[in-house]
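The block underneath contains the structure these notes are about, expressed in structure tokens.
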Amino acid sequence: MRRISFRLASVSLALGLLLSGLCAEAMAAAHARKNQAAAKPTPAAEEKAQPAAQGLDVEAFRRNFVAGLAGRRNAPALSPDNVRILSTEKAVPFAGTDIYAVRGELIPADGQAQPFTLFVSADGRFYVSDIIDLGAGKSILKPARDKMLAEDLAQLGHVIAKGTGQRTVVYVSDPFCPYCRMAFAFLMEKPQAFAELRLAHFPLSSHSGADIACALMAWAVDKAPDKAADFAKFAYSDLAAPRPADKSEASRKKAWVEVANAFLKRFPELKALGENGEAIVNALSGSSWGAAVQADMARAAALDVTGTPVVFVDGARVEGFDQKRLGALLQ
């Protein structure tokens, strides 16, 4: 399993990915600046009111959450208004209090929204990672966690293939990761096992040009859905990974253009974006397709994805290309 090469900050669940700038690392700086400018956060006070589960002190949760993040290295300036609450639900009673599942987004003023799902105490003071019933030997949060996971997975990725089976497969991946390519080929050979295969983009910063490849696959899902599977097959089978001479901005841009030209040669319909690779890269800058890739990354990060590939089969998680386990889950 390929892991992200730079150090991730440690914050409850995957929120450290926001503070360490994962999305900005994975997508080019120019793309990130434009996307951030286009996605201005809406303060919580201006959001359409979401009915909170009775008994949960939402405002205390917002205050405590922001206070806990404030001391983190590279933490952006945050206020409780930067915490958008999407839904709350009572999960389980425990030790004289109630534990609530809180789903929301942390939205710094100049950054990418980072989704989160947390279990917290009713007073909004404590984050609860798990509660194990020692006598029963099981987690009492598991039913609520499984429900939240199913809801999160339903929003992750984009359908690139439909099969004749019953299972839903969500595949978090980077097209230039060799293990991702092996897993992709394996999954595409199993249409009898899944009802749909959803691809969630997670380009690693160490793979120059992967972000552009992912944005072009997102374009296909949006503008040429009948070709979405072909775009993905090309990216994961035939597309050569660029080999930049160094880590300079010039080398990175050259890799983007190389990837865009390769796609254009294979898919002439991309001329709708530009006549050549450079024009296509410019068209993708600040586009909704680049934003879709960042959204995939943020949602995957909220599920504690830190490397690729990760495959979810009806919610069961497989990290790396574990062919034996994948085969068993797809039977």
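Miscellaneous remarks
- Cα-projected label distance for Asp133 with Ala240, points at 7 Å along beta-carbon direction, nm: 5.9
- In this label model, Ser79 and Ala95 are separated by 3.4 nm, measuring between points 7 Å along each Cα→Cβ vector.
- Sorted by Cβ neighbour density within 10 Å, fewest at the top, the residues Asp304, Asp133, Asp174: Asp133, Asp304, Asp174
- Built amide H within the under 5 Å cut-off of Val92, gap 5+: Ile99
- Inter-label distance for Asp222 and Ala67, nm, one decimal - labels placed 7 Å from Cα along Cα-to-Cβ: 4.1
- Per-residue extension of 0.36 nm, minus the Cα-Cα distance of Thr164 and Ala316, leaves a gain of 52.8 nm for this segment.
- Extension gain, Ala154-Ala250: 0.36 nm per intervening residue step, less the Cα-Cα distance, totals 30.7 nm.
- Under a 5 Å amide H cut-off, with hydrogens placed 1.01 Å from N, Ile131 pairs with Ile140, Leu141 among residues at least 5 apart or on other chains.
- Ala279-Phe126 FRET efficiency (beta carbon distance; Förster radius 35 Å; 0.05 resolution): 0.10
- At most 12 other Cβ within 10 Å, DSSP loop - GluC sites (Glu not before Pro), segment 259-331: Glu275
- Calculated from backbone phi, Karplus (6.51, -1.76, 1.60) coupling profile of segment 171-177 in Hz, x at Gly/Pro: 10, 9, 7, 10, x, 9, 7
- Ranked by how many other Cβ atoms sit within 10 Å of their own Cβ, fewest first, the residues Ile131, Ile99 fall in the order Ile131, Ile99.
- Other residues within the sphere of radius under 13 Å centred on the Cβ of Asn276, judged by their own Cβ, net out at -1 (K and R +1, D and E -1).
- In sequence order, calculated HN-Hα J values of segment 300-313 (Karplus, 6.51, -1.76, 1.60; Hz; x Gly/Pro): 5, 4, 5, 9, 6, 7, 10, x, 10, x, 10, 10, 10, 10
Readers should treat all values here as calculations from the given coordinates under stated rules, not as data from a laboratory. If you're wondering where the values come from, they're calculated on a predicted model, not measured in any experiment. Neighbour counts are summed over all protein chains in view; Cβ atoms, including those assigned to glycine, are modelled from backbone coordinates with ideal geometry.
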